[in-house]
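A short write-up of the structure that comes next.
The values are calculated or read from the model by the stated rules, or taken from the named source; none is laboratory data. Computed from a predicted structure; not experimentally measured. Methodologically, a virtual Cβ is constructed for each residue, glycine included, from the backbone with ideal geometry; neighbour enumeration extends over all protein chains shown.
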Amino acid sequence: MVNTLARSFFFYNIWCIIGNLTPINSLHTCVNNNTETNDGTENCKYKGLRYTSYKEFLCWAKSGELHIRECDNISGDWLPKTVNCHVKQNKNKFCPDDLFEVKQNDDDPICLKISTKPEAYNETFCYGSNKIIPLDLSSSEMTTIILFLKQKRINEYWLPIKRSNAFMPFMINLPGKRWQKVIDEHLLPEHLKSDLHCLTHNLDRLKIELRDCKKFLHMVCAFKSSLLSHSGCPEGFGALSYRPNECYGINWKKKSLNHVHISEYYEKQNSIRIVLQGIIPQEKENYFFKIDSFVDRFSDKYMVIMNKYEKTKVSYENSKWFPVLSKQIIEAPSAFSMKLKFDENLRELILVIYYRNYLWTNEYNDIGVQCFTNAGYELLKKTSVNLIWQNEKKTRSIFKLTLFGDGPGEYWCEGHTILNFQWVSTQRLIAFKNMRGHTFATRLDIPCIYKNNEKIVNFCIYINKSTKIFGKMIRNFFVKKAKDSVSDLVIHNVRIMNIESVTKLSMVCWCHIMAQLEISNKSYEEVSAKDIFENVSKISDNTFSSIRVYKKLMKMNSDLITVIRSIEYCFPDIFSSNNLMNSQWMQVRRGEKGTAQILCLQNNGIPYTRRCEGDFVHGAYWELLTQSIKCEHAQDITQILYNLENTRLIELTPEKVVQEVKSLIKDNKQKIGPGDVYLISNIIQVSLRNLSIPNVVWSNGVVPELGQNPAKWKSLIHDIIEIYNILTDLDVDVINRSADLNSTNKFLETFENSMDTLSFLQYVDQNSFVEEDIGSKLDLEVIDYVDIGVSVQSSPNFLYFYINPLVANVSGIALFNNNISGKAPQKLKGKFYNEDYRFLQSNHDIEDFIHESNLLLATYVPKQLLNRLKTFSTIFNQITRIPPIVVIKVYSNDKLFQQANQTKAVSSHIVSISIPGYNTNLPEALPLILRRLHTYHHHTDSEQYCHYWNYGNWATDGVKMSKNVEISEDIGICFLTHLAPFAYLVGVNLTFDMEIESYSKKIDDRALDIIAVLGCSLSLLGVCCIFITVSKLYYWRHNT
């Protein structure tokens, strides 16, 4: 049996050898083969591979797959023997197939996007185009375009130009550099008085005409030269300008991107080809990339590769990475935001854009936003934007707006994201380049016809071009009127801000008049923004001159003026209460609530208030009163606080007033009401302002001598800390009602500033800050770590850390739950009783402490950030010789952080970080780790985030969060690009439980109703039982 198997095995090997040798002797190489196609003859060449493609063009099967031919080495034939190439006939040669291509001679083709049917004016239809027909085309180009459109039976079409009302200029509605550009040179005078707000181009009359925006016409948009947009796409990728979130490119470096299937390339061949030709650099134009792959019947892997000119070939596919045609659809840019704010050090408007790459642009030198103002004589004007700093990844960019004009104006910025061209805008901020006196909003009814150089001119016909001339004429009129009635009134300028109506003879409009009283030493000299801000405390108190100017303007008694208001203030207004003599509402800024001159309280202890309404253009005015006023008698503590607020001592010895307030409320904690919190916040704010807070930054970099006694400051701030602790222990309902008067925000902002001032004084005059027996006087413990440059102040609801990193490289803290059991001595007190802290150095890493189970919070300034702070601050004109002092403040809860329409709740300590004397914007991210203090079972990741307090609401711009589930689902790692108070918020409705100092969910309203009905029913049943029992007892007693 063994011999038989051996012989069989021997003969089998011989057969295998013969079988393997036979094909070698009979192998054939496939000969070159010519194939006739619609585009001509293509040659198949054998190059050592079993498979080949057509090199010079893409040979498509009707299914949308590429034809690949196989060489049969036995027969020497190409398989399949006959190939019918379906060469895809693209609609266009240069333009994407969903557009129309119009070409003239050797010029660049013009691509047209045309609506399929007539429709009402559609503002977004032409988004992404870069030319307007006929404004941007030559006469020869227009001739070709007109012939093409007439062939399409289009004789009139919408232009991407519109105006908001009959008196505003027409503006271009195309995203990019031309967004909201004023266009009126092609308009006739009668256009400016029409109620038709959209423009069309009529091909029969070759005229631009006005139309009702609801009329049905075709939309026609033009693209020329460039169709590419790179905004938001990965590096080396691009998109069509009108589909900016659909990015295509070559994945050269094995990034996590979606590969483009060959069938998609077949469907979008022309569009993808245009993108590839625009983004593949010249040095890589002959590089090949994978567009398809397959596995044959022998399990061998092959790939089809191509270059930008669509030359293809087949190659072996192995484990080594090969560049591949890829795409990425850009989703909603949730991290994108832009904020406009006034920088106190630059005295300029600063625009901060996060992830500006998500802003649409099709030009490399376009930042993606356009900024506007009404500060000049024009109704609307663009202002330039200049980049002053951005980080390496361009995820945060800081720009400076150019201020101009003579007087205040609104500034704002607009742009469009690459996600469906979503419009985004900043809030409007009021700023000025030069300020001379006070500005008032007036409603004027002025004539249109004036004599100009002995000619009678109707300026209302050309109102959009004549606003400056009109303003000067109105000013001259008021100057003449002022000389006749009020000789000491100086009117600097008059600017038209808004037009209400225009007739043949007159115009009703809102104007801003800038005026002041003539002063002997400085009557006509300009006062810069810097002068104003350096004397802000004086101006904020001394607004009497504004009222005097207002009365002077009223005294002119001009027939032109129908309304006159301050753009800043609601002036004092007399009212009558039901039980007192006449009083008046005190002057207050627009948007705020004013109180009465006397102490006038409602029956709930809250002062009567009246809101100052209005806007910048139309001025400030008091809201209408809807209820009668009856001033209730104030309790003793409220009356004393009111007297302290109005005493002269608050100007002469403010520190004694604060001390008096502290003693008063400390002895009357149970009596403090919402009105008292309002008065306390006012007293603290005015006291610190009157004490002249030293500035931390000086233009010459020199630290001046302290104008105040440091011991006085120290005592004052310790009193304020104790006042904060008392307010935090109040009933939450008292705090909530006082927040309606902006009391809590006013107190918090003053409190934060005082703590930063304390750190500054502590550094400048360290000898005066040696603590002596302070713990026995106040509920405050001070611990100094002189050897490492740290000072800690611990109070029941607030922790303060002063850290000088230059001493021992300490730049932050970590707070932990204290695991020590028994009655071991604690370093902290109050709400922090069971917690302890540890110091962190600038060279620490998050991994050094993030895994500790009892970690509550941690933050520190990394070494690289510390090194860059001074250089970064010089960009913002902040020059200081004070080293970076890190100030960390920890609030035990969010009682004073009250926001309207609260949908999220704070679930951690609140940590405020500041570096006095340095810009609040940071050149690099600062880490902050927070743990949720309370556990909820119903929350999602989207409902949790690190927020900062902007003294009104919790916000997230400039904050990036990383959740590491492997560490703990309760830990949030935040990276901050600016400094402010921060907290960890969760998106559930919460109420505050005073007994256990924690948060609990609100019970469903229906459940509350059921409980209420059940409780009332049981109570009624109990009352009935008592009644029956009493009746029976009475009956039994009498029968007995």
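So which of Val314, Val304, Val324, Val295 is among the aliphatic types (A, V, I, L, M) and closer than 16 Å to Phe237 by Cβ?
Values: Val314 fails: closer than 16 Å to Phe237 by Cβ; Val304 fails: closer than 16 Å to Phe237 by Cβ; Val295 fails: closer than 16 Å to Phe237 by Cβ.
When all the criteria are applied, what remains is Val324.
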If we scan the stretch 628-648, do we find a residue that is assigned by TED's automatic domain parsing to the domain that holds Asn578, within 38 Å of the chain's Cα centre (by Cα) and part of a loop (DSSP other than H, G, I, E, B)?
-> no
Would you check if there is a residue in the stretch 277-289 being surrounded by 13 or more Cβ atoms within 10 Å (Cβ to Cβ), touching a Phe, Trp or Tyr at 6+ places or on another chain (Cβ under 7 Å), of a type in the set (A, V, I, L, M) and within 30 Å of Gly176 (Cβ to Cβ)?
-> yes
So which pairs qualify, if the first residue must be in the stretch 426-450 and under 14 Å from Leu560 (Cβ atoms) and without any contact (Cβ under 8 Å) to a residue 60 or more places away in the chain, the second must be among the aliphatic types (A, V, I, L, M) and crowded, with 18+ Cβ neighbours inside 10 Å, the Cβ gap must be under 6 Å, and the two must be at least 6 apart or on different chains?
-> Cys448/Met507
Looking at the stretch 207-278, what strands (runs of 3 or more DSSP E) fall wholly within it and have at least 3 residues that are closer than 22 Å to Trp158 by Cα and hydrophobic (A, V, I, L, M, F, W, C)?
-> 218-224
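Counting only residues that are part of a strand (DSSP E or B) and within 25 Å of Val295 (Cβ to Cβ), which one in the stretch 36-66 is modelled with the lowest pLDDT? Walk me through how you get there before you give the answer.
Taking the stretch 36-66 as the starting set, the residues that turn out to be part of a strand (DSSP E or B) are 36-37, 40-44, 51-52, 60, 66.
Filter once more, so that each one left must be within 25 Å of Val295 (Cβ to Cβ): 44, 51-52, 60, 66.
Details: Cys44: 71, Tyr51: 87, Thr52: 85, Trp60: 83, Leu66: 85.
Filtering the stretch 36-66 for residues that are part of a strand (DSSP E or B) and within 25 Å of Val295 (Cβ to Cβ), the one modelled with the lowest pLDDT comes out as Cys44.
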Residue by residue through the stretch 294-341, note down the ones that are under 30 Å from Thr920 (Cα atoms), surrounded by 15 or more Cβ atoms within 10 Å (Cβ to Cβ) and of a type in the set (A, V, I, L, M).
-> Met338, Leu340
Residue under evaluation Leu325, criteria (1) aliphatic (A, V, I, L, M); (2) touching a Ser or Thr at 6+ places or on another chain (Cβ under 8 Å); (3) assigned to a strand (DSSP E or B), criterion not met = (2)
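Residues are listed down the side, and each one gets a yes or a no for (1) exposed (fewer than 15 other Cβ atoms within 10 Å of the Cβ); (2) out of contact with any Lys or Arg (no Cβ under 7 Å at 6 or more places or on another chain); (3) among the polar types (S, T, N, Q); (4) in a strand (DSSP E or B):
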| residue | (1), (2), (3), (4) |
| --- | --- |
| Cys85 | no, yes, no, no |
| Asn92 | no, yes, yes, no |
| Cys95 | no, yes, no, no |
| Asp106 | yes, yes, no, no |
Could you list, in sequence order, the residues of the stretch 885-909 that are assigned to a strand (DSSP E or B) and under 18 Å from Asn736 (Cα atoms)?
-> Tyr891, Ala905, Val906
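Determine whether the stretch 598-615 contains at least one residue that is over 28 Å from Asn745 (Cα atoms) and at pLDDT below 90. Please lay out each step first, then the result.
To start, the set of residues in the stretch 598-615 that are over 28 Å from Asn745 (Cα atoms) comprises none.
There is no residue in the stretch 598-615 that is over 28 Å from Asn745 (Cα atoms) and at pLDDT below 90.
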Condition broken by Val764, with the remaining ones in (1) more than 31 Å from the chain's Cα centre (by Cα); (2) at pLDDT 85 or above satisfied = (2)
Residue check for Arg868: within 23 Å of Val792 (Cα to Cα), surrounded by fewer than 16 Cβ atoms within 10 Å (Cβ to Cβ) and touching a strand residue (DSSP E or B) at 6+ places or on another chain (Cβ under 6 Å) = no
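Which members of the stretch 115-169 meet the condition of being among the β-branched types (Val, Ile, Thr) and either crowded, with 17+ Cβ neighbours inside 10 Å or in the same structural domain as Trp360 (by TED's automatic domain parsing) (or both)? I'd like the intermediate steps shown before the answer.
So the first thing to find is which residues in the stretch 115-169 are among the β-branched types (Val, Ile, Thr), and the list is 116, 124, 132-133, 143-146, 154, 161.
Within the stretch 115-169, Ile132, Ile133, Thr144, Ile145, Ile146, Ile154, Ile161 qualify.
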Has the stretch 612-624 got any residue that is at positive phi and in contact (Cβ under 8 Å) with a residue 40 or more places away in the chain?
-> yes
Is it true that Asn318 is modelled with pLDDT of 90 or more and among the polar types (S, T, N, Q)?
-> no
Which one is surrounded by the fewest Cβ atoms within 10 Å (Cβ to Cβ) among residues in the stretch 558-573 that are assigned to a loop (DSSP other than H, G, I, E, B) and not aromatic (Phe, Trp, Tyr)?
-> Asp559
Of all the residues that make up the stretch 138-160, how many are touching a residue at least 12 places away in the same chain (Cβ under 8 Å) and more than 28 Å from the chain's Cα centre (by Cα)?
-> 15
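Please find, within the stretch 108-125, the residue that is modelled with the highest pLDDT out of those that are assigned to a loop (DSSP other than H, G, I, E, B) and within 17 Å of Ile145 (Cα to Cα). Break it down into steps so the answer makes sense when it comes.
Just the residues of the stretch 108-125 that are assigned to a loop (DSSP other than H, G, I, E, B), to begin with: 108-109, 115-118, 120-125.
So of that shortlist, the ones also within 17 Å of Ile145 (Cα to Cα) come out as 108-109, 115.
On the way: Asp108: 82, Pro109: 90, Ser115: 96.
Going through the qualifying residues, I end up with Ser115.
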